[in-house]
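The values are calculated or read from the model by the stated rules, or taken from the named source; none is laboratory data. Computed from a prediction, not measured in an experiment: that's the story for all the values here. Glycine also receives a Cβ, built like all others from the backbone with ideal geometry; neighbour counts cover every protein chain displayed. Surface accessibility is based on the protein's heavy atoms, side chains included, excluding ligands, DNA and RNA. Shrake-Rupley method; radii C 1.70, N 1.55, O 1.52, S 1.80 Å.
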Amino acid sequence: MTASNAASSAPVDPTSTAAWEALEAHDLELTGSLREWFDADPDRAERFSLEAADLHVDLSKNLITPETMELLQRLAREVGVEQRRDAMFAGEHINTTEDRAVLHTALRRPVGTPDALVVDGQEIDRDVQATLRRVYDFANAVRSGQWTGVTGKPIRTVVNIGIGGSDLGPVMVYEALRPLAQDGLEARFISNIDPTDVYATTEDLDPETTLVIVASKTFTTLETLTNARLVRQWLLSGLRENAALTPEQEREAVAKHFVAVSTALDKVEAFGIDPDNAFGFWDWVGGRYSVDSAIGTVLAVVLGPEVFEELLSGFHAMDEHFRTAPAEANVPLLMGLINVWNVNFLEAETHAVLPYSQYLHRFPAYLQQLTMESNGKSVRWDGSTAATETGEVFWGEPGTNGQHAFYQLIHQGTRIVPADFIAFATPNHALADGDQDVHELFLANFFAQTKALAFGKSAEEVRAEGTEGPLVAAREFSGDRPTTSIMAPKLTPSVLGQLIALYEHITFVQGVVWGINSFDQWGVELGKQLAKDLGAAVAGDDAAIGSEDSSTASLIRYYRSHRES
Ligand code: F6P
């Protein structure tokens with residue numbers, strides 16, 4: 001299969017490949033434990049540790065042997081992962097159900113990359129750079145105080161209104177790089193249609209110094225447009241109260257306080273936002289892959305264009321690694337394949353992501369959309385039924401909080417929960433408790449957890465500590481609980497970009513093996529449609545309530561009878 005026909009070709013049923021058959025046999029024959037494998041092979045850690053840009057990735061505590069990895073790479077070859085990767089980078093329409101190219105990687109191609117990318121007649125590099133320049137000019141104007149609110153005050157708070165990919169990426173990156181925010185400038189985020197979100201986020205804000213970014217790829221999303229209208233109402237009534245506006249200023253207020261990011265600039269205008277104050281992107285950027293597009297405008301404003309550029313350079317470094325590294329050293333490829341091994345052969349159902357970095361506390365939530373909206377599907381890109389289990393449930397919390405909550409199940413439960421542990425050598429804030437470097441305490445936990453999960457504690461070891469009777473079993477740890485450790489020198493904008501791109505490409509690899517189009521999301525449509533259809537019933541129309549199923553009708557009646565005005 002060549003890259004040029006990869007987009008239109010039917011997915012290969014992975015279970016029909018020779019590699020799959022060999023993996024099944026290998027799974028049955030595999031004996032030993034991580035303890036034994038480490039004892040037998042003193043080079044195991046080195047053998048399974050890889051570098052990708054600034055990331056050091058240790059795969060050795062997974063339930064893999066060199067043969068497992070060879071067979072998984074064979075599987076990748078037999079299902080055509082490389083060809084589909086090349087087709088993606090080249091802009092082929094691998095998003096088959098929407099007949100679109102998938103080009104988030106083009107958003108981070110540096111200026112001057114040779115062989116300008118032209119796809120479907122669009123000069124991609126030129127358009128990406130032109131938009132970035134507009135975003136940066138706008139960001140600099142706000143940061144310098146040249147762009148002010150309607151009453152002439154500089155902007156102090158940027159409120160991003162968006163949901164899903166128009167929220168999770170910006171929030172996650174803002175939280176991760178918070179120390180780099182310009183003094184006196186903060187970002188806030190409104191996503192939920194629960195009115196509490198708008199209320200609580202705006203409650204203590206001064207409309208005169210607030211800038212609102214309405215971020216929506218489609219500009220049709222109910223939550224975002226409703227919240228944008230609510231905030232416009234809040235802003236205008238606040239401005240009227242605080243500062244007696246002239247009629248001229250009233251007209252100007254929305255233009256000075258509202259900007260938009262969307263692929264649908266006509267809808268932005270219809271909403272009442274001046275298209276001059278709108279930043280575009282394109283249908284070849286999926287929502288959950290869009291934080292590095294103009295959707296990141298809030299980040300460029302609050303963290304600055306230089307930070308945003310550094311973030312993009314990190315993404316690009318990982319793209320280049322994924323595009324060019326040989327299979328045996330290709331970290332996203334191998335991590336994606338290990339996930340397939342865990343899901344399809346070891347029967348893992350979930351996957352924990354455990355950042356040992358407080359600033360990455362929204363990273364698991366971000367990954368939930370990236371991975372589960374991408375690969376939570378039962379049909380393949382040609383409409384046939386998936387031949388295997390697909391997307392795992394991603395979840396996680398920052399260490400060490402998770403240790404005191406759910407690690408019990410990961411250590412001693414009956415389910416296998418593969419986990420990615422992420423940590424940084426240098427802390428964002430080095431603090432000492434007396435002579436104790438607190439980051440070292442933190443990292444000792446990071447190292448201890450993967451060690452305990454891999455090697456466990458045998459009954460003999462428990463007895464050797466003086467424990468007898470039924471308590472022995474309770475204190476025993478089986479070990480052989482697979483983990484990947486990802487380390488980097490420091491959580492910088494570039495390293496964050498690398499981490500995000502790493503998971504984007506891991507998700508892609510899994511999707512290709514399973515034959516899934518990882519770039520559509522039809523599964524979110526039914527609920528949206530039904531919510532619209534239920535409007536009349538929720539508002540109290542008895543006939544509409546009566547036509548509902550008995551559970552839905554009774555829940556709506558409960559609501560109607562308990563709602564306080
Ligand atoms: O409903 C799911 C979804 O379409 C996501 O894929 C997307 O990130 C989110 O809604 C928000 O969409 P938009 O950016 O168009 O408002």
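Can you tell me the length gained on complete extension of the stretch ALA18 to LYS457, counting 0.36 nm per residue apart and subtracting the Cα distance?
Gain on extension, ALA18 to LYS457, equals 154.3 nm.
Sort ARG74, ARG188 from largest to smallest accessible area, using a 1.4 Å probe on the heavy atoms of the protein chains.
ARG74, ARG188
Can you tell me the relative contact order of the range 203-293? Whole percent, Cα pairs under 8 Å, sequence separation 6 or more.
Value for the range 203-293: 31 percent.
What dipole magnitude, in Debye to the nearest 20, does the chain give about its Cα centre under +1 on Lys/Arg Cβ and -1 on Asp/Glu Cβ?
1020
Determine the relative contact order of the range 234-378: mean sequence separation of Cα pairs under 8 Å and six or more apart, normalised by residue count, in whole percent.
Computed over the range 234-378, the figure is 12 percent.
Using 7 Å Cα-to-Cβ label points, what is the LYS153/GLU67 separation (nm, one decimal)?
Simple spin-label model gives 7.1 nm for this pair.
For a Förster distance of 25 Å, can you work out the FRET efficiency between the beta-carbons of GLN129 and ARG323, rounded to the nearest 0.05?
Given R0 = 25 Å and the Cβ-Cβ separation, E is 0.80.
Of LEU337, PHE308, ALA76, which is farthest along the charge dipole of the chain in the positive direction, counting Lys and Arg as +1 and Asp and Glu as -1 at C-beta?
Of LEU337, PHE308, ALA76, it is PHE308.
Could I have the simple spin-label model distance between LEU471 and ALA90, label points 7 Å from Cα toward Cβ, reported in nm to one decimal?
Placing both labels 7 Å beyond Cα along the Cβ direction yields 6.6 nm.
If I take all pairs of Cα atoms in the range 13-119, what percentage of them are more than 21 Å from each other?
59
Give the relative contact order (percent, whole number) for the chain; include only Cα pairs under 8 Å separated by 6+ residues.
19
Given the pairs LYS267/LYS532; LYS377/LYS457; LYS61/LYS490; LYS256/LYS490, which span a C-alpha to C-alpha distance of over 27 angstrom in this model?
Result: LYS377/LYS457; LYS256/LYS490 exceed 27 Å.
Rolling a 1.4 Å sphere over the protein heavy atoms, what is the accessible area per residue of the range 166-281, to the nearest Å²?
For the range 166-281, the solvent-accessible area averages 42 Å² per residue.
Hey, any idea what % of the range 118-305's accessible area is carbon plus sulfur with a 1.4 Å probe?
Solvent-exposed carbon and sulfur of the range 118-305 make up 49 percent of the total.
Given a Förster radius of 51 Å and the C-beta distance between ALA444 and GLU203 as r, what FRET efficiency does 1/(1 + (r/R0)^6) yield to the nearest 0.05?
Efficiency, from the Cβ-Cβ distance: 0.80.
Please list the equivalent ellipsoid semi-axes of the chain, computed as the square roots of five times the alpha-carbon gyration tensor eigenvalues, in descending order and whole angstrom.
42, 28, 27
Roughly how much of ILE416 is accessible, in Å² to the nearest 10, using a 1.4 Å probe?
Surface open to solvent at ILE416 totals about 40 Å².
Collect residues whose amide H, placed 1.01 Å from N in the peptide plane, falls under 5 Å from the amide H of TYR356; neighbours closer than 5 in sequence don't count.
GLY399, ILE422, ALA423
Based on DSSP H assignment, which helices of the chain show an axial Cα extent of at least 15 Å together with a mean Kyte-Doolittle hydropathy greater than or equal to -1.0?
In the chain, the long hydrophobic H runs are 18-29, 66-79, 124-144, 222-242, 305-324, 438-455, 493-514, 550-562.
What accessible area, in Å² to the nearest ten, does a 1.4 Å probe give for TYR199?
140
Collect residues whose amide H, placed 1.01 Å from N in the peptide plane, falls under 5 Å from the amide H of ARG188; neighbours closer than 5 in sequence don't count.
The answer is VAL158, VAL159, ASN160.
Would you mind getting the accessible area per residue of the range 408-475, heavy atoms of the protein chains only, 1.4 Å probe, in Å²?
Value returned for the range 408-475: 58 Å² of accessible area per residue.
Around ALA348, which amide H atoms from residues at least 5 apart in sequence, or from another chain, sit under 5 Å from its own amide H, with H modelled in the peptide plane?
VAL343
Could you please state how large a percent of the accessible area of the range 486-563 is carbon and sulfur, counting protein chains only and using a 1.4 Å probe?
C and S fraction of accessible area: 58 percent.
Gap in Å between the Cα centre of the range 358-373 and the Cα centre of the range 188-262?
When both Cα centres are located, 26 Å separates them.
With every protein chain left in place and a probe of 1.4 Å, what is the accessible surface of ILE500, to the nearest 10 Å²?
Probe radius 1.4 Å; accessible area of ILE500 about 0 Å².
Where in the range 183-204 is the amide nitrogen less than 14 Å from a point lying 7 Å along the Cα-to-Cβ axis of LEU222?
The answer is 192-195, whose backbone nitrogens lie closer than 14 Å to the label point.
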